[in-house]
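Just below is one structure, and these are the notes that go with it.
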Amino acid sequence: MKIAALAGGVGASKLLWGLTRAMDPRDLTIIVNTGDDIVLHGLYICPDLDIVTYTLAGSVNPETGWGLAGDSFHSLKALARYGRAQWFNLGDRDLATHIHRTALLAQGRSLTQVTDSIRRDWGVAATILPMSDHPVPTTIVSELGEQHFQEYLVQHRAEPSIVDIRFEGVEAARPAPGVLEALWEADGVLICPSNPLISIGPILGIPGVREALWERRNGCIAVSPLVGGKSLKGPSDKMLTECLVDATSCGVALLYEDIASVLVIDPADSPLCPDIMARGVRPALLPSVMRTDADKERLARGVLSLFEEIAAARV
């Protein structure tokens with residue numbers, strides 16, 4: 001079974017790790033948000049692409065879910081001598097990835113080509129694609145004015161109240177090579193448990209992506225990033241509320257109702273099933289809190305079983 005997955009960072013990477021244990025990873029194509037990408041210290045940094053790559057390589061920092069396990073931060077501290085920004089943590093070995101990526105891009109390689117090269121160097125068997133080769137930075141408009149998403153999230157700890165979210169240049173962007181093909185050719189499409197607004201939203205905003213998913217709706221499964229109205233990781237609940245979306249799995253169903261026929265929710269949210277069904281989305285109860293590797297693999301196998309059910313119903 002070939003699976004195409006739409007993914008953000010930490011939450012998505014946990015489920016993706018489980019999938020690579022529950023299926024042949026060579027049959028998994030991961031389409032990753034690049035709205036979080038930022039240039040710092042002259043380096044092109046792709047947080048979500050790196051989180052997914054490091055996680056599937058078994059090298060991610062398990063305490064944070066980002067960065068590399070056991071990394072040091074001597075270079076970042078040394079940059080302080082020159083008055084360089086310190087708010088975005090970049091480990092010494094992590095910096096090597098950003099230096100390498102920036103150099104390859106400067107040589108004329110596309111982000112898709114660079115991403116594939118890096119995942120191969122890390123020994124990752126699954127295919128990893130950026131959502132687009134065109135920069136589509138996410139801008140958060142808040143009480144502090146306009147900020148890059150990373151400034152909002154990391155520097156200001158997601159505390160400012162959101163007025164608007166913009167994906168700069170998204171109308172002119174195009175899906176990266178292989179993105180639409182992966183969606184069309186997959187036996188199932190998975191929307192990972194990532195922030196629907198700023199992790200999955202930019203991917204769906206690329207012209208042609210949401211339209212492709214309209215055609216695949218019956219074979220598309222989304223996993224809610226919320227349990228009991230709270231985010232499993234990050235400020236999804238706060239952001240949904242400030243954007244006037246119900247910060248529950250019902251709100252997630254509303255955002256995905258045109259592209260996903262099934263929404264995986266935690267059993268703790270079972271009282272929401274009637275409201276989710278009223279949106280024309282089938283709720284599927286699976287434990288979705290992934291604290292251990294066993295949790296990740298169990299959820300992955302549950303999702304694959306749902307895909308098998310959908311395939312059997314087609315026959």
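The values are calculated or read from the model by the stated rules, or taken from the named source; none is laboratory data. Not measured: the values here are computed from a predicted model. Every residue, glycine among them, receives a Cβ derived from its backbone with ideal geometry; neighbour counts consider all protein chains shown.
Key figures for this structure:
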{"quantity": "Index of the failed condition, Gln107 passing every other in (1) within 19 Å of His41 (Cα to Cα); (2) buried (at least 16 other Cβ atoms within 10 Å of the Cβ); (3) of a type outside the set (Val, Ile, Thr); (4) more than 18 Å from the chain's Cα centre (by Cα)", "calculated": "(2)"}
{"quantity": "Subset of the range 296-313 (residues that are without any contact (Cβ under 8 Å) to a residue 24 or more places away in the chain and of a type outside the set (Ser, Thr, Tyr))", "calculated": "Glu309, Ala312, Ala313"}
{"quantity": "Top-ranked residue of the range 168-199 - restricted to ones that are part of a loop (DSSP other than H, G, I, E, B) and either among the aliphatic types (A, V, I, L, M) or without any contact (Cβ under 8 Å) to a residue 24 or more places away in the chain (or both), ranked as farthest from Val223 (Cα to Cα)", "calculated": "Ala173"}
{"quantity": "Filter result for the condition that a residue is in contact with a His (Cβ under 9 Å, 6 or more places away or on another chain) and either at negative phi or modelled with pLDDT of 95 or more (or both), over Leu68, Leu111, Leu129", "calculated": "Leu111"}
{"quantity": "Search result, residues across the range 104-131 that are in contact with a Leu (Cβ under 8 Å, 6 or more places away or on another chain) and part of a strand (DSSP E or B)", "calculated": "Thr127, Ile128, Pro130"}
{"quantity": "Counted residues, the range 267-286 - those being surrounded by 15 or more Cβ atoms within 10 Å (Cβ to Cβ), farther than 21 Å from Val189 by Cβ and of a type outside the set (A, V, I, L, M)", "calculated": "3"}
{"quantity": "Scan of the range 249-308 for residues that are charged (D, E, K, R), in a helix (DSSP H, G or I) and out of contact with any helix residue (DSSP H, G or I) (no Cβ under 7 Å at 6 or more places or on another chain), ordered by number", "calculated": "Asp293, Asp295, Arg298, Glu308"}
